[in-house]
Structure formats: C-alpha cells, structure tokens
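Data block below; observations after.
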C-alpha cells in the first residue's frame, strides 16, 4: 500500500548560525514521505534536468544544506558526475539522501544496462542508488528483457528500488505484472494544466506512486489567474501553491528543477502550505489532456 508518513524535521541552517529563513517559517515545515514497500521517498525533491557543471554541483550542495533529502538525475542529463560531487561536498551522509537516476533507452539491452549503471554509480560516487528508473518506454525487444535486467541489478544491490518513467497505464500494468509488483513509481510530467487522472488511478491500483516532473509547467503556473488568486489569499506564490497541490495528493512526489538558491528555498517552504479541498478541486479543474509540454518523437501514445 502507498501511504504518506509525516515527520517533523528542522530545516535550514540555524544550528550552524546560517540564516536562510525565519524560525517561524522553519518551525512550520514538516517533512513528508511517500512510502512504497522498501522505498521511503521524500515528497519534495530537487530535479536537475538541464543543470550542468559547477552550477549543478553548487545547487545540489546548497539544496542539501537547506534540508532537501531527495535528488533526481538521469544518464541523459549528463550531470551525474556533478550531482555526485555536490552530494559529497554537502557533507550530508549518503544514507540520509534519496538518490534517483534513470537508464537511457539506448542502454536497455541487459548487458549494456548493467555496464551503464556501473558508469553512473562511479559518476555519482556511490555503491548504489535508492531508485533506478527506465527513462522512456522505448524498447528494441520486448520490455520484459529490460525489466529482467532491472530486477537483476536490484538483486545485486546496485539499487534499492526500481521503477519506470513516462509509461502509459497499459505499460504500467504490463511492467508491474512482470516484476511481481516491484515497481515503486512512474515518473511523468504532471502539473496543474495536465490531467493525469488516468495515470494516478492506475498507479493506485498497482500500488505505485507517481513522481511529477515539470511540476510548475516550466513557470507557466505564474501566468495562471486562478493559481495567482489562491496564492494571494495564502500570501505566497503560484509555484508554492502548485507544489502543495501535488504534495497533498495521495502517493504523489514532486521534483521541481532549479539552479537558483532562492527558488530552491522557496520550493522547500511549500511543505508548510496546506490547501483546502475547494482549492484542491479548483486547481484540478485546470488540467486538460492538451496541457502536455514534453512530447518527444519517441514518446508513447499517451493516455
């Protein structure tokens, strides 16, 4: 069963004499986890898509110092080395960090998958990741061959948990059946303007979580009058409102990407925000099937 667990935790750096927010703000923040079998996933993470070089290393280090404990990367992002360096520079014990990477589809042949994962682990400076995903449902052979390799590296303790990304509901069902229920998440585009109700329903049926990338629609939430009105009533901004809307949905995790310390701090403070049922419904009503922003040529036929 997928469930939320709340855990009070002190954020920021006041214990080190470094102020990034008022004590009142920090005391309101409660860390949340989505727990699926062996995976205990912080409901708010740091996305690193299109974060490169020193900028990537710096934001990972700073974010972990602020209190983030979930970092998401991928082979195709070409920044696993910088993410690993940022984690090491932060001084945060590796066991406190939930680290995700993704296998690119060109590496889906079983032998290649294993070699590419070893390369990723070296770059990330870790013996294992906490979650390993298949990045897109694009296979040269039947997906089961790749899923078998994914389960094998899990058995070899090179990853704690396994999952998928950008899978349709039928692909989710097929993959989860083949793995006997081992998949813990489907990482998909999800924000207030994209209706993902079918994926959410299927995930609940299959005992999976949903991880939302592009959770603020590449900044488009700031242009939404309904979101702005709710934000105004909460004395916050539309980004925090959107992240709170995602977080309050059962089994949903958000991984907003930023390379700006101020935005990383603001995103973290969204954990202190609670929306009413009416506000949740108002935001949900904004979503349509046409709200998708990520649709490459190799994408599946979306639900």
Once you place label points 7 Å from the Cα toward the Cβ at residue 111 and residue 285, how far apart are they in nm? 5.8
What nm value, rounded to one decimal, do you get for the distance between residue 295 and residue 260 when each label is placed 7 Å out toward the C-beta? 2.8
How much length is gained if the chain between residue 89 and residue 118 is pulled fully straight, taking 0.36 nm per residue apart and subtracting their Cα-Cα distance, in nm to one decimal? 8.3 nm
quick note, the chain, DSSP beta bridge pairs, % antiparallel (nearest 5) is 30
For the range 170-217, state the average projected area of the convex hull of the C-alpha atoms over all orientations, rounded to one decimal in nm². 3.0
In nm, spacing of pseudo-spin labels at residue 76 and residue 170 (7 Å Cα→C-beta vector): 2.2
Orientation-averaged projected area, Cα convex hull of the range 84-230 (nm²): 10.4
Order 246-256, 287-297, 153-163 from most to least packed using the mean count of other Cβ atoms within 10 Å. 246-256, 153-163, 287-297
Label corresponding to mean projected area of the Cα convex hull in nm² when calculated from the structure given, among (i) 17.2; (ii) 14.5; (iii) 21.4: (ii)
Using a 10 angstrom cutoff on alpha carbons, build the Gaussian network for the chain and name the most mobile of 191, 135, 178. 178
Taking the chain as a Gaussian network, where each spring joins two C-alpha atoms under 10 Å apart, which residue of 102, 257, 177 fluctuates the most? 177
Sort the range 167-303 into rounded, prolate or oblate with this rule: let a ≥ b ≥ c be the square roots of the eigenvalues of the Cα gyration tensor; rounded if a/c is under 1.5, and if a/c is not under 1.5, prolate when a/b is larger than b/c, oblate otherwise. prolate
Gain in length, residue 30 to residue 201, computed as 0.36 nm per residue apart minus the alpha-carbon separation, to one decimal in nm? 58.9 nm
Under a GNM of the chain (C-alpha, springs under 10 Å), which listed residue has the highest mean-square fluctuation: 148, 225, 130? 225
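The numbers here are math on the coordinates, done by the rules we state, and not lab data. All values reported here derive from a predicted model rather than from experimental measurement. Neighbour counts are summed over all protein chains in view; Cβ atoms, including those assigned to glycine, are modelled from backbone coordinates with ideal geometry.
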